[in-house]
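First comes the structure, then the notes that go with it.
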Amino acid sequence: MPPGIVIDTWGRGAMAALDPWSRPVWPAEIATWEAGHAGVYHGLGLELASRADGAVEIASLLPGAPAWDSGLHPGDVLPEVRDDTTTLQLDTLPPPDALAAAREALVGPMGSAVQLRTARADATGLTRLTRGPVVPETVQGWARGPDNTWQPWLDARAGIAYVRIQRFKPPTLQDFDAMLEPHLDDIRGLVLDLRGNPGGDVNAAVQIADRFIADGRLAELSGRVLPKTSEDVDPQTGEPLPAWNDGIPGHALEGVPTIVLVDADSASATEVLAGALQER
């Protein structure tokens, strides 16, 4: 067994003995997390998932990403990933490890090549792609329009809009506003779908809460080390800015009847947003 797998297995077992929530985080994972948190990484734009039988499959393709026009489809099974440095046989790994390894293998240096072996309905194929910039979608509407942009209307005649937030990253607030601003005068009710959202950038979650809440304190942070949430003064004028966690009145969504959908996988910053809306 490769030494890296031995060390990783030992580390996970040792830390699991402490409590159910502790696990080692290796340097490569930290680098991947930091790139993902920023909202841009170099890869193919494939969302992967584990099937019931443990195989890794393509769950979706991100529009505009390197894999979008490749001929790959959701449901394609991915038994092998190969690039200039390694060949990864996913069908020889345990299901949780296979999915994590496949996701990591798709990310790499800008312009580097990667080859995917896929299986679909008793046929196999090879697809060679070049890694490029990928900006994951964090905000989705109910359906895509003719220009491939998301449209929010669940029922346009009744003025009922739908927004799904998959995770919170720095661009999430901008994407949320961009989709809804053209329709704000017509929205009479909104469904905010946070199911499966693991959290992320807490400032983005609080700023979206501010779209619905006119004033007052939206959230609190306490701890030994706190993340920087926003600037204290305007970098252009030097004028003091409102606190990151205070509501600012005047948004069109204030007072709009809103349904928030959560589930057992809605966590972290998602709970901050859902809790603020429920409380206020």
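The values are calculated or read from the model by the stated rules, or taken from the named source; none is laboratory data. Keep in mind the model is a prediction, meaning the values are calculated, not measured. A quick note on method: Cβ atoms are made from the backbone with ideal geometry, for glycine too, and the neighbour counts reach across all protein chains shown. Heads up: the accessible areas ignore ligands, DNA and RNA and are worked out on the full protein's heavy atoms, side chains in. Shrake-Rupley method; radii C 1.70, N 1.55, O 1.52, S 1.80 Å.
Once the Cα atoms are used to define both axes, helix 3-16 deviates from the longest principal axis of the chain by about 40 degrees.
About its Cα centre, what dipole magnitude does the chain give when the only charges are +1 on Lys and Arg Cβ and -1 on Asp and Glu Cβ, stated in debye to the nearest 20? Write down the numbers at each step before the final one.
On the way: 21 positive and 39 negative charges, 118 e Å.
Dipole magnitude for the chain comes out near 560 debye.
Its Cα centre serving as origin, the range 141-273 has a Cβ charge dipole (Lys and Arg +1, Asp and Glu -1) of approximately 460 debye. With the Cα gyration tensor of the range 3-142 giving a ≥ b ≥ c as the square roots of its eigenvalues, does the rule (a/c under 1.5 for rounded; else a/b larger than b/c for prolate; else oblate) give rounded, prolate or oblate? Prolate, because a/c is 1.5 or more and a/b exceeds b/c.
How high is the FRET efficiency from Glu254 to Ala121, r the C-beta distance, R0 51 Å, rounded to 0.05?
Numbers: r = 51 Å, r/R0 = 1.00.
Computed FRET efficiency for Glu254 and Ala121 comes out at 0.50.
Counting every Cα pair in the range 51-105, what percent are over 18 Å apart? The calculated P(r) of the range 51-105 puts 35 percent of pairs beyond 18 Å. Does the range 123-234 come out rounded, prolate or oblate by the C-alpha gyration tensor, with a ≥ b ≥ c the root eigenvalues, rounded set by a/c under 1.5 and, if not, prolate when a/b is larger than b/c and oblate if not? Oblate shape, in that a/c is at least 1.5 and b/c is the bigger or equal ratio. Principal axis extents of the C-alpha atoms in the chain (largest first, rounded to whole Å): 58, 49, 39. A cut-off under 14 angstrom between Cβ atoms defines the neighbours of Arg195, and their net charge, with Lys, Arg +1 and Asp, Glu -1, is -2.
Counting only DSSP beta bridges whose two residues both lie in the range 137-203, roughly 50 percent are antiparallel. In this label model, Leu261 and Asp97 are separated by 3.6 nm, measuring between points 7 Å along each Cα→Cβ vector.
Bridges between two residues of the chain, per DSSP, are antiparallel at a rate of about 75%.
Within the accessible area of the chain, what % is carbon and sulfur when the probe is 1.4 Å and the other protein chains stay in place?
Values: 8830 of 16030 Å².
Exposed carbon and sulfur together represent 55 percent of the surface.
Calculated mean residue ellipticity at 222 nm for the chain: -7500 deg cm²/dmol, from DSSP H runs with n ≥ 4 weighted as -39500 (n - 2.57), summed, divided by the residue count and rounded to 500. Of all DSSP beta bridges confined to the range 93-193, the antiparallel ones make up roughly 75%.
Beta carbons within 10 angstrom, averaged per residue: use that to sort the peptides 56-67, 113-124, highest first.
Values: 56-67: 18.3, 113-124: 14.2.
For the peptides 56-67, 113-124, the packing ranking is 56-67, 113-124.
Please give me the summed charge of the neighbours of Leu90: other residues whose Cβ is under 13 Å from its Cβ, Lys and Arg +1, Asp and Glu -1.
On the way: positive: Arg51, Arg82, Arg103, Arg117; negative: Asp53, Glu57, Asp76, Glu80, Asp91, Asp97, Glu104.
Local charge sum for Leu90: -3.
Taking only protein heavy atoms and a 1.4 Å probe, what accessible area per residue, in Å², does the chain have with all protein chains in place? Mind dumping the intermediate values first?
On the way: 16030 Å² over 280 residues.
Per-residue accessible area for the chain comes out at 57 Å².
Projecting the Cα atoms of Pro198, Ser50, Pro2 onto the charge dipole of the chain, computed from C-beta unit charges around the Cα centre, puts Pro2 farthest toward the positive end. Between Glu181 and Leu241, full extension at 0.36 nm per residue minus the direct alpha carbon distance yields a gain of 19.3 nm.
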